[in-house]
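No lab work stands behind these numbers, since they all come straight from the coordinates. Bear in mind that the values here come from a model prediction, so they are computed numbers and not experimental data. A quick note on method: Cβ atoms are made from the backbone with ideal geometry, for glycine too, and the neighbour counts reach across all protein chains shown.
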Amino acid sequence: MSNEENSPSKESSGTLAAVRTRLREAIDAIPARQRALLLGLFGTALFLGVAVTVYSVYDRIDTLEEKNDAMQRALRDIEKKRGAYLSAKSRERNLEARIGSSPLQLTGFLEQLAKEVGIEIRETNPRSPEPIGKKYLQQSIDVRISKVALEPLLKFLRKLETYPQNLVLVTELSVRSRDDKHQDFEVDLTVSTYEHAPKAPRKGSGGKPGDGDKDGDKNKEVP
């Protein structure tokens, strides 16, 4: 029984030995010069294979390092701009708070300020409202002051732009001297204030004109 089990292994080992012998004989049959050339080609192919493998590994490492560096730069940029972003958001909230909830009547407001500082307003011309983006409306008025000294004019402008309850700005200003001594001035300016734009009605919230009348007519009883 043991002899039968060992026979396949003996046969396989004998086959391998025969293959080695034939391979050795085939190599020995090759001239020395061609044999050296074949060995050189085999070594070159092996070297190129190893080089390609090493290059691909290093290329992947470089790619990962580049991605990591790019991510680090992005994080640093975000951190640098974070302060500016928060500052801008803070200014936006402050402006939003200064706009107020109720519109400012510019004509009466300007006349009251003029009385407080001793200025006589000669002429006012309101402009048509202008939309500022989708959230705000700009209300502006052109003002002409025919004669004013420098000190009252500065007080008037300071009171305008530091008014706490609404955002008021001088958006245009032209000052001309009335005499050679530059004591009295003629002033043209445009004063603007801002308010929240009315919200557009939602689509489908209102029915077509006359729908209510039609429904009413349908509900009327016929005498």
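Couplings 3J(HN,Hα) of the stretch 142-148, computed from phi: 8, 10, 10, 10, 7, 8, 7 Hz, in residue order, whole Hz [Karplus 6.51 cos²θ - 1.76 cosθ + 1.60, θ = phi - 60°; x for Gly and Pro].
For the stretch 106-196, what is the number of Lys pairs with C-alpha distance below 29 angstrom, counting only pairs 8 or more positions apart or on separate chains? Here the count comes out as 11. 3J(HN,Hα) along the stretch 184-194: 10, 9, 10, 10, 10, 8, 10, 10, 10, 10, 10 Hz, from the Karplus curve 6.51 cos²θ - 1.76 cosθ + 1.60 with θ = phi - 60°, whole Hz, x for Gly and Pro. Neighbour counts of other Cβ atoms within 10 Å put T44, T190 in the fewest-to-most order T44, T190. Taking a ≥ b ≥ c as the square roots of the eigenvalues of the Cα gyration tensor of the stretch 106-196, is the shape rounded (a/c under 1.5), prolate (a/b larger than b/c) or oblate? In terms of gyration-tensor shape, prolate.
Taking 14 Å as the cut-off, the amide N atoms of the stretch 125-164 that come nearer than this to a point 7 Å along the Cα-to-beta-carbon line of H182 belong to 150-151.
For K159 and A197, FRET efficiency with R0 = 25 Å and r from the beta-carbon atoms, rounded to 0.05?
After rounding to 0.05, the efficiency reads 0.40.
Give the relative contact order (percent, whole number) for the stretch 106-196; include only Cα pairs under 8 Å separated by 6+ residues.
On the way: 170 pairs, mean separation 27.8, N = 91.
Relative contact order, the stretch 106-196: 31 percent.
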